[in-house]
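One structure is given below, encoded as structure tokens.
The values are calculated or read from the model by the stated rules, or taken from the named source; none is laboratory data. Everything numeric in this text was worked out from a predicted model, so none of it was measured. Counting neighbours? That spans all protein chains shown, and the Cβs are built from the backbone with ideal geometry, glycine included. We work out accessible area using only protein heavy atoms, side chains counted, and drop any ligands, DNA or RNA first. Shrake-Rupley method; radii C 1.70, N 1.55, O 1.52, S 1.80 Å.
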Amino acid sequence: MRFGVLGPLAVWTTDGAEVAVPGAKVRALLAHLLVHPGHAVSADRLIDALWGEELPDHPANALQGKVSQLRRALERAEPGGRALVGAGPAGYTLRVAADAVDTGRFARLLQRARATATPRERVRLLDEALGLWRGEAFADFTDDAFARGAIGRLEEDRLTAWEDQAEARLDSGDHGPLAADLADLAVRHPLRERLRAAQLRALYRAGRQTEALAAYEELRQRLDGELGLVPGAELAALHEAILRQDPGLDAGVPGRGPVLGAG
């Protein structure tokens with residue numbers, strides 16, 4: 001059985017059929033167990049996550065009822081599914097391997113990509129990793145306190161993967177399409193300097209020096225106006241290199257000469 005939280009909560013059987021998990025609290029219980037699959041979550045934490053201050057008369061019994069509902073749903077979907085939800089002195093555990101959850105597969109693909117020397121293979125692995133996302137992480141639970149830490153961590157990992165992918169595409173000479181693909185991403189995450197640097201390089205290598213300089217100026221003004229900061233040293237050095245059309249910016253890019261009519 002496979003589980004997904006890189007988007008709305010989802011469960012699939014081994015052959016890919018989607019599994020219905022009925023009940024908002026049963027789904028919240030499963031989501032909480034999927035924050036750290038394979039690790040026990042105490043009954044107290046689960047009760048707090050499911051009911052908060054509006055506790056039922058017998059919280060432990062109510063929790064056990066939700067656990068039983070979850071076990072039944074998993075067992076109906078696939079024989080042996082009931083055993084995936086374990087119980088012990090430390091609490092309840094979703095007993096699954098890391099690869100059974102999309103977050104585990106995402107992390108494994110990122111690790112493989114970063115260990116790969118070939119740019120095109122890095123791009124392929126990062127494409128596969130980012131393709132696991134079906135929306136925002138824990139999309140059904142963005143307002144729930146138990147998921148906030150995991151959401152923040154996963155979204156940062158996703159942004160870093162996008163940055164890794166952009167740099168790998170630059171290394172493979174894919175600067176033209178990349179410049180277009182990064183336009184929306186840079187708007188949505190305007191203060192990510194590493195992402196902006198990839199955008200500037202892609203624009204410059206695509207012969208769009210004026211747009212690269214305008215993108216840098218937009219970031220400089222935003223940093224100053226919103227945070228009272230200036231661009232970091234690496235980004236400032238990249239800006240200077242673009243201004244003087246440094247040949248080093250085209251290292252490894254076939255067929256690129258000086259940018260004509262730029263400035």
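Just a few scattered comments:
- Stretching LEU227 away from GLU121 to a fully extended chain increases their span by 34.4 nm, per 0.36 nm per residue minus the current alpha-carbon distance.
- Listed values for region 41-56 are Karplus-derived 3J(HN,Hα) couplings in whole Hz (6.51 cos²θ - 1.76 cosθ + 1.60, θ = phi - 60°), namely 10, 5, 4, 4, 5, 5, 4, 5, 5, 7, 10, x, 7, 9, 6, x, and x replaces Gly and Pro.
- Spin-label zone in region 17-38 - amide nitrogen under 18 Å from a point set 7 Å from the Cα of ALA97 along the C-beta vector: 37-38
- Between region 1-72 and region 109-181, the alpha-carbon centres lie 27 Å apart.
- Bridge type composition, the chain - antiparallel percent by DSSP, nearest 5: 90 percent
- Per-residue ³J(HN,Hα) for region 223-237, Karplus 6.51 cos²θ - 1.76 cosθ + 1.60, θ = phi - 60°, Hz, x for Gly and Pro: 4, 5, x, 8, 10, x, 10, 10, x, x, 4, 5, 5, 4, 5
- With all protein chains kept in place, the per residue accessible area of the chain amounts to 50 square angstrom at a probe of 1.4 angstrom.
- The angle between the Cα long axis of helix 193-205 and the longest principal axis of the Cα atoms of the chain comes to about 40 degrees, rounded to the nearest 10.
- Sulfur and carbon atoms: percent of accessible area, the chain [1.4 Å]: 51 percent
- Working ranking of peptides 161-167, 128-134, 45-51 by packing, defined as the average number of other Cβ atoms within 10 Å per residue, highest first, is 161-167, 45-51, 128-134.
- Over the chain: helical MRE at 222 nm, DSSP H runs n ≥ 4 each giving -39500 (n - 2.57), nearest 500: -18000 deg cm²/dmol
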